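Worksheet: one structure, shown below.
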Amino acid sequence: MNGRVLNRRISKLLPFLVPILIVLAVSFPHVAAHFVPYVTPIFFVMVFSGSFTLRFSDVAQVAHHPLPVLVVLLIVHIVMPLVAWGVAHLAFSHNPDIDAGIILQFLIPTASTGFAWIVIAGGNLPLALVTVFLDTLLAPLLIPLGIKVLIGASVSVNMWELMQSVSLMILIPSLLAMCCNEATKGRVSSTIGPWLQVIVKCGVCIVILASGTKIAPLVRTFDPFLIVIALTMCGLSLVGYLMGIVGAKILRADRETAIFVLYGSALRNINAGAVIAVAYFPPAAVFPVVISMLFQQATAGAVAGIIERRVPRRLS
């Protein structure tokens, strides 16, 4: 079986694999936990594989056409936080800790894992790379400001830790892959490209298994109130995709850019959110952030399947 055939088959199975993997991780966290120490190196390989078709000239072009990046940042840091604030105050005004957790989830930066999903769905990688890096630089300013304005608390964000994380998982492997592609003038990427896509998809499956262990204790409590919170976070997650569709339509984006706007608007760096929630907020505020991991991966897989089958070559 050649790489292209295997890649197509995995692409068709991925929307079904994601929820199955989440259920397995929640049901058998002690087994899935074995993958946790390997998440960072796996993600390094995923980003390297996904970036292998990039050229430095592709990234440089983003500076000449920055509007899609600005639209994503507008959705991520203004539109969705305000939507989350409104929903949290309407539904959970009696529980300020839950209220704070819901808002916090939509103040954190766009997700590094979104890069992998953009690779899988065939989105614009230079835009994704620049946006993740830029949003990480802005996070130490925007997160405390958002928390102060919308929640009424004061926190400080460790910029050095954020920069280390994004450098290790996004910037370094992307730069290495671009150097390899430049050195071979694109010949190697065209030859092994399908196999690299297979590596990215397998890596996503392992990352989902490892991530699922974090929500296992929460999901298995079966507290009815927690189900209400979980459904709320699921709904807000879908609103993020809706805002991405609106943004893509406003831009009259081509298919690759539309996929970037879609995932860039909807996916969040939940690990960063969980760290902030644990460090600065009561335990109840952590649940809305961590449970979002469940829906973020499941919806990302479902959206990838829809894109594979139905998204036209132009949104207008």
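Coordinate-derived values only; no laboratory data. The structure displayed is predicted, hence computed values, not measured ones. No Cβ is skipped: glycine too gets one built from the backbone with ideal geometry, and neighbour counts run over all protein chains shown.
Before moving on, here are some points about what is shown:
- In terms of other Cβ atoms within 10 Å, W117, W195 run from fewest to most in the order W195, W117.
- Among G240, G152, G264, residue whose mean-square fluctuation peaks in a GNM of the chain (springs only between Cα atoms under 10 Å): G152
- Sorted by Cβ neighbour density within 10 Å, fewest at the top, the residues D135, D254: D254, D135
- Extended-chain gain in nm, criterion 0.36 nm per residue less alpha-carbon gap, F56 and L168: 38.4 nm
- In this simple spin-label model, placing a label point 7 Å from the Cα along the Cα-to-Cβ direction at both V5 and L137 gives a separation of 4.6 nm.
- Exposure proxy shown here: for K249, K185, the number of other Cβ atoms within 10 Å sets the order, fewest to most, as K185, K249.
- Taken over the Cα atoms of the range 3-309, the convex hull encloses 122 Å³ per residue.
- Dividing the mean sequence gap of close Cα pairs (under 8 Å, 6+ apart) by how many residues the chain holds gives a relative contact order of 35 percent.
- Separation in nanometres of the label points that stand 7 Å from Cα toward Cβ, at L74 and C180: 3.7
- Segment E308..F16, full-extension length gain: 103.8 nm, with 0.36 nm per residue of separation and the alpha-carbon distance subtracted.
- Point-to-point label distance, I245-I192, nm (Cα→Cβ direction, 7 Å offset): 3.9
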